[in-house]
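Working notes for the structure below.
The values are calculated or read from the model by the stated rules, or taken from the named source; none is laboratory data. From a predicted model like this one, the values you see are computed outputs, not experimental measurements. Backbone-built Cβ (ideal geometry, glycine too); neighbour counts: all protein chains shown. Just the protein is used for accessible areas: all its heavy atoms, side chains included, with ligands, DNA and RNA removed. Shrake-Rupley method; radii C 1.70, N 1.55, O 1.52, S 1.80 Å.
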Amino acid sequence: MTVRAILHYPDPRLRKKAQPVAVVDDGIRRLVDDMAETMYQAPGIGLAAIQIDVPQRIVVIDCSAQHNDLKVFINPVITRREGVYGIEEGCLSVPGIFEEVQRAQTVAVEALGRDGQPFTLIAQDLLAVCIQHEIDHLDGKVFVDYLSRLKQQRIRKKLEKQQRLAM
Ligand code: GNR
Ligand code: NI
């Protein structure tokens, strides 16, 4: 397994629309394992493949306190949304920025697991937020897109400066 480099906002590669996975084969499972290792090492509670510059519809999430409940979502689709819920979100692609975003409180999601088998999950609160945040990534969206233009501009300037200094 390999820790992969995470793209940082406003990298245009984060804006690609990720393509569905056709077959869950050993190559996809290796990618899933790299994503999990990258997420845990960061550390983060979720990661979409697009964040490591792989524009395929794959997400890993572990919101558990003990970091021992890895969830894998391949080609995830939200089929139901209910309620409103907002927490301060962060993103491994937007380091150091935390802002509240309003999302659905409960979602039903259909996806394929690491074994290629379809499943449905009903998620609430933090897990529901995380699923929505990750599926946004697959559609080229980042949580800062929900903030005011002024906040977006400040965040972009701050991250561009950080990236210049890091060269
Ligand atoms: O690690 C993460 N924490 C987090 C906190 C609140 C809402 C969403 C998240 S997801 C984020 C990891 C990440 O960037 N996933 O794309
Ligand atoms: Ni993110």
For segment 47-64, 3J(HN,Hα) per residue [Karplus equation, 6.51 cos²θ - 1.76 cosθ + 1.60, θ = phi - 60°, Hz, x = Gly/Pro]
7, 9, 4, 4, 5, 10, 6, 10, x, 10, 7, 9, 9, 10, 9, 9, 9, 6
Using Cα positions and a limit of under 23 Å, work out the lysines in reach of K157, with same-chain residues fewer than 8 apart set aside.
K16, K141
Skip the ligands, DNA and RNA, and give the accessible area per residue of the chain with a 1.4 Å probe, whole Å².
54
Amide H neighbours of Q56 under 5 Å, counting only residues 5+ apart in sequence or on other chains, H built in-plane at 1.01 Å?
Q19, I50
Local net charge near G86, Cβ-Cβ under 13 Å (Lys/Arg +1, Asp/Glu -1):
-4
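Just from its helices, what would the mean residue ellipticity at 222 nm be for the chain, if runs of 4 or more DSSP H residues each count -39500 (n - 2.57) and the sum is divided by every residue, rounded to the nearest 500 deg cm²/dmol?
Result for the chain: -9500 deg cm²/dmol, rounded to the nearest 500.
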Which residues qualify? For G46, with a placed amide H closer than 5 Å and at least 5 residues away or on another chain, they are D62
HN-Hα couplings for segment 80-88 via Karplus (6.51, -1.76, 1.60; θ = phi - 60°), in whole Hz with x for Gly/Pro, come out as 8, 9, 8, x, 10, 8, x, 9, 6
Given H placed on each backbone N at 1.01 Å, which residues far from E89 in sequence or on other chains put an amide H within less than 5 Å of it?
E99, E100, V101
Compute the separation of the alpha-carbon centres of segment 1-42 and segment 121-139 and state it in Å as a whole number.
16
Counting only other residues whose beta carbon sits under 13 Å from that of G44, what net charge do I get with K and R as +1, D and E as -1?
-3
Percent carbon-and-sulfur accessible area, the chain, ignoring ligands, DNA and RNA, probe 1.4 Å:
51
re segment 66-142: pairs of Cα atoms spaced beyond 17 Å account for a percent value of 48
Report, in cubic angstrom per residue, the convex hull volume of the C-alpha atoms of segment 1-123.
115
